[in-house]
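Note sheet for the following structure.
The values are calculated or read from the model by the stated rules, or taken from the named source; none is laboratory data. This structure is a prediction, so every number in the text was calculated from the model and none was measured. So basically every Cβ, Gly included, is an ideal-geometry build from the backbone, and we count neighbours across all protein chains shown. In case anyone asks, the SASA skips ligands and DNA or RNA and just uses the protein heavy atoms, side chains included. Shrake-Rupley method; radii C 1.70, N 1.55, O 1.52, S 1.80 Å.
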Amino acid sequence: MTILLFTDVCLVLLVLTIGASIVRARDAFEAAIAFAIYGLLLAIVWVRLAAIDVALTEAAIGGGMTGMLLLGAAARLRLAGDDHIRASLRVRLAAGILSALVAAGVAGAVLLPPEVIPTLAPKVMENLASSGLGNPVAGVLFVYRALDTLLEKVVLLLALLGVWSLAPDGAWNGRPAIRLYARLNGTLTFLAQLLPPIGIVVAIYMCWIGAKAPGGAFQGGTILAAMWLLVIVAGLESIPSIGGTWLRIMLVIGPVIFLAIGTAGIVLANAFLAYPAGYAKPLIVAIEVALTLSIAAAPGMLAAGPPQQEQRQ
Amino acid sequence: MRLGLELFTFFSLSAGALFFLAGTIGLIRFPDALTRLHAITKVDNLGLGLVVLGLVTRTDGAVGALRLVTIWLLVQLSSAIVTQLVAGALSQQGPHR
Amino acid sequence: MNSVLLGVASFIFLTVALGLIVVIRRPAGVDRLMAAQLLGTGGVAVLLLLAVGTESPATEDVALILALFAAFAAVAFVRDTPLSGNSGRSR
Amino acid sequence: MNALPLFASCAAMLMGLGLYALITDPEPLRKILAFNLLGSGVFLAFGVISRRVAATEFEGDPVPQAMTITAIVVAFAATAMAVALVSRLVEAGGRATVASEASEEPDADGGAS
């Protein structure tokens with residue numbers, strides 16, 4: 001497999017080059033573009049590390065959504081003036097030495113594996129059959145470490161509350177100030193009409209396949225969020241105000257159903273977040289569907305930013 | 001029959017790879033942004049089409065082949081429209097190099 | 001035969017990497033818009049070849065998602081790129 | 001499995017790069033970018049650790065992979081929160097930097113580091 005090794009060397013060099021260009025970019029906007037490219041590129045790295053689930057998440061969230069968020073912010077802040085200042089030579093030198101030391105330390109720690117590689121993989125595979133799932137990563141997310149996954153959804157909501165709470169008093173319950181497409185453009189309208197139906201099908205496929213192959217609620221939900229934002233950016237739909245009942249129902253339905261099923265587990269299966277024997281798979285699928293809806297709403301609203309006074313359309 | 005298929009795959013993939021190379025050369029050598037855009041979109045899409053064509057014979061069954069072709073169609077569609085968008089942004093920016 | 005697939009994947013990846021580096025290095029911001037395009041087609045081709053070459057069909061799904069989000073990122077690029085007239089961007 | 005040390009060094013270097021930019025760049029938005037770069041290095045190191053079990057019969061360890069997925073989502077949420085804070089900072093203060101005037105010098109040629 002020398003060919004693959006060669007590709008891997010090129011891949012790593014390219015990732016480092018793009019990573020360096022994020023740091024060296026002249027303004028924040030160029031850095032944000034480079035970061036979006038970097039996120040998409042990392043998906044290929046994750047494929048090479050045999051982590052397909054992570055590759056899907058990275059392409060969707062690391063490349064797409066974070067890119068959208070940072071590009072919007074960079075464009076907004078550019079108006080505030082961008083005299084690029086850098087730290088003095090002494091600071092840069094010290095930071096360089098410190099960073100090199102940290103990198104060397106981490107490299108040493110990762111490169112020298114312990115005698116016996118600690119892993120829970122055999123245990124995961126052993127018990128996976130009883131959950132009815134075929135995807136070990138989904139098994140970890142929804143069976144063994146379900147509490148992490150539940151709390152992660154809560155973190156998304158908390159972050160959203162944090163973003164919203166930064167709005168000026170008068171803007172509460174307003175609409176987020178997402179950057180729309182400035183120039184009216186038939187091409188974008190066409191794209192925003194054509195791509196979302198395909199995206200929705202792909203999202204449902206992702207959510208469904210997640211039980212037995214890489215995929216799942218995160219990836220499916222993020223695709224829905226991206227398609228939603230695409231329609232909004234094209235100006236075909238207006239973004240909901242943050243007080244909207246439907247929006248709020250969408251946001252909480254995932255964690256609420258997850259929590260309800262988890263609480264029911266105390267009675268039915270003798271432990272919080274445990275599933276009664278034989279019903280694990282249908283319950284997990286129910287949770288995933290609800291989570292997909294919530295994940296569609298939360299990152300979309302996070303990328304849109306805090307609400308603003310009602311003036312822009 | 002089998003040898004024929006293998007040869008078909010081989011030539012199709014090689015042609016696809018050549019198109020990607022041509023696209024990158026165009027990106028490096030062409031003088032202005034619009035022609036560079038033209039080079040990477042048209043040529044790379046054709047290259048991807050040829051790669052998919054070569055891979056179709058290697059998948060198991062019609063469903064696998066259909067998946068590949070669907071992905072190619074999606075790329076074709078989105079890339080064509082996005083190119084229009086980028087070109088629009090470029091032409092609004094006025095003459096430049 | 002699989003090594004042919006991987007060889008072609010390697011070759012296409014090289015051309016894409018070269019293109020990306022050129023695009024990122026260009027002084028004017030306009031060329032950077034094409035980077036998503038480049039990954040959207042070239043990256044998809046590489047991933048499809050890897051999927052068939054290493055016999056992991058799930059990799060095809062990564063190609064699908066990459067195609068979708070490359071288009072999404074390109075829309076964000078175009079949305080936020082300043083027009084030469086009204087921006088205070090320094091050259 | 002030969003490529004594993006390669007990805008491990010890549011992860012470490014990305015962490016170093018992110019840390020360097022996090023310290024030296026005074027613009028808050030670029031500090032956020034740098035922090036994400038640093039984070040992606042950490043995630044990649046996790047990916048390498050999950051891939052170590054490939055010596056046995058598994059392709060990769062699902063536990064670190066699942067943790068990485070959670071981490072990517074949480075990093076996105078934190079980034080969104082940080083971006084909102086920076087936007088508010090600029091609205092309130094009008095300046096997109098946290099540099100103090102005395103210790104900084106303008107970047108003359110833009111980009112050379």
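A:Phe258 - would you say it is among the hydrophobic types (A, V, I, L, M, F, W, C), at pLDDT 90 or above and either in contact with a helix residue (DSSP H, G or I) (Cβ under 8 Å, 6 or more places away or on another chain) or open to solvent by less than 30 Å² (accessible area, probe 1.4 Å) (or both)?
On the way: among the hydrophobic types (A, V, I, L, M, F, W, C): yes; at pLDDT 90 or above: yes; either in contact with a helix residue (DSSP H, G or I) (Cβ under 8 Å, 6 or more places away or on another chain) or open to solvent by less than 30 Å² (accessible area, probe 1.4 Å) (or both): yes.
Yes: the conditions hold for A:Phe258.
This table checks each residue for (1) open to solvent by 10 Å² or more (accessible area, probe 1.4 Å); (2) part of a helix (DSSP H, G or I); (3) farther than 29 Å from B:Arg2 by Cβ; (4) in contact (Cβ under 8 Å) with a residue 40 or more places away in the chain.
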site: C:Val4; (1), (2), (3), (4): yes, yes, no, no
site: C:Phe13; (1), (2), (3), (4): no, yes, no, no
site: C:Gly19; (1), (2), (3), (4): no, yes, yes, no
site: C:Asp31; (1), (2), (3), (4): no, yes, yes, no
site: C:Gly43; (1), (2), (3), (4): no, yes, yes, no
site: C:Ala67; (1), (2), (3), (4): no, yes, yes, no
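So which of A:Ala138, A:Ala95 is open to solvent by less than 60 Å² (accessible area, probe 1.4 Å), within 7 Å of chain D (Cβ to nearest Cβ) and modelled with pLDDT of 80 or more?
Working: A:Ala138 fails: within 7 Å of chain D (Cβ to nearest Cβ).
The match here is A:Ala95.
For the range B:30-42, does any single residue satisfy the condition of being open to solvent by less than 40 Å² (accessible area, probe 1.4 Å), under 26 Å from A:Pro197 (Cβ atoms), at the interface with chain C (Cβ under 7 Å from one of its Cβ atoms) and part of a helix (DSSP H, G or I)? Yes: the range B:30-42 contains one or more residues that are open to solvent by less than 40 Å² (accessible area, probe 1.4 Å), under 26 Å from A:Pro197 (Cβ atoms), at the interface with chain C (Cβ under 7 Å from one of its Cβ atoms) and part of a helix (DSSP H, G or I).
Report, by residue number, each residue of the range D:56-68 that is facing chain A (nearest Cβ under 7 Å) and either assigned to a helix (DSSP H, G or I) or of a type in the set (Lys, Arg) (or both). Break it down into steps so the answer makes sense when it comes.
The first filter runs over the range D:56-68 and keeps only residues facing chain A (nearest Cβ under 7 Å), leaving D:58-63, D:65-66, D:68.
D:Pro62, D:Val63, D:Gln65, D:Ala66, D:Thr68, listed by residue number.
Of the numbered criteria (1) over 15 Å from C:Val4 (Cα atoms); (2) open to solvent by less than 40 Å² (accessible area, probe 1.4 Å); (3) at pLDDT 90 or above; (4) facing chain C (nearest Cβ under 9 Å), the one B:Leu21 fails is (2). Quick one: would you say A:Val23 is of a type in the set (A, V, I, L, M), assigned to a helix (DSSP H, G or I) and open to solvent by 10 Å² or more (accessible area, probe 1.4 Å)? Criteria met by A:Val23. Is it the case that some residue within the range A:73-91 is out of contact with any Ser or Thr (no Cβ under 9 Å at 6 or more places or on another chain) and under 22 Å from A:Thr222 (Cβ atoms)? There is at least one residue in the range A:73-91 that is out of contact with any Ser or Thr (no Cβ under 9 Å at 6 or more places or on another chain) and under 22 Å from A:Thr222 (Cβ atoms). Among residues belonging to the range A:109-141 that are outside any helix (DSSP H, G or I) and touching a residue at least 40 places away in the same chain (Cβ under 8 Å), point out the one that is farthest from the chain's Cα centre (by Cα). In this case the residue turns out to be A:Gly132.
Out of D:Leu37, D:Leu17, one residue alone is closer than 30 Å to C:Ser56 by Cα, facing another protein chain (nearest Cβ under 7 Å) and of a type outside the set (S, T, N, Q). It is D:Leu37.
The residue that is least open to solvent (accessible area, probe 1.4 Å), among those in the range D:21-44 that are polar (S, T, N, Q) and within 8 Å of the chain's Cα centre (by Cα), is D:Ser40.
Residues in the range A:271-313 that are at pLDDT 90 or above and of a type in the set (Lys, Arg): there are none. Per the conditions (1) loosely packed, with under 14 Cβ neighbours inside 10 Å; (2) without any contact (Cβ under 8 Å) to a residue 60 or more places away in the chain, the sole criterion not satisfied by A:Gly170 is (2).
Let's see how each residue does on (1) in a helix (DSSP H, G or I); (2) modelled with pLDDT of 85 or more; (3) open to solvent by 20 Å² or more (accessible area, probe 1.4 Å):
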| position | (1), (2), (3) |
| --- | --- |
| D:Phe46 | yes, yes, yes |
| D:Thr70 | yes, yes, yes |
| D:Val74 | yes, yes, yes |
| D:Ala92 | yes, no, yes |
| D:Ala99 | no, no, no |
| D:Ala108 | no, no, yes |
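Residues in the range A:31-49 that are free of Cβ contacts under 8 Å to residues at least 40 places away in the same chain and either facing chain D (nearest Cβ under 9 Å) or open to solvent by 20 Å² or more (accessible area, probe 1.4 Å) (or both): A:Ala34, A:Phe35, A:Tyr38, A:Gly39, A:Leu42, A:Val45, A:Trp46, A:Leu49.
Contact list please: Cβ distance under 6 Å, first residue in the range A:222-246 and assigned by TED's automatic domain parsing to the domain that holds A:Tyr205 and closer than 24 Å to A:Glu58 by Cβ, second residue part of a loop (DSSP other than H, G, I, E, B) and of a type in the set (Phe, Trp, Tyr), pairs at least six apart or on different chains. The qualifying pairs are A:Val233/A:Tyr181. All of (1) within 24 Å of A:Gly64 (Cα to Cα); (2) more than 17 Å from the chain's Cα centre (by Cα) hold for A:Phe258 with one exception: (1). Within the range B:72-83, is there a residue that is modelled with pLDDT of 85 or more, open to solvent by 10 Å² or more (accessible area, probe 1.4 Å), not in a helix (DSSP H, G or I) and not acidic (Asp, Glu)? Within the range B:72-83, none of the residues are modelled with pLDDT of 85 or more, open to solvent by 10 Å² or more (accessible area, probe 1.4 Å), not in a helix (DSSP H, G or I) and not acidic (Asp, Glu). Within the range B:33-69, track down each residue that is free of Cβ contacts under 8 Å to residues at least 12 places away in the same chain and under 22 Å from C:Leu6 (Cα atoms). Selection gives B:Thr59, B:Asp60, B:Gly61, B:Gly64, B:Ala65, B:Leu66, B:Arg67.
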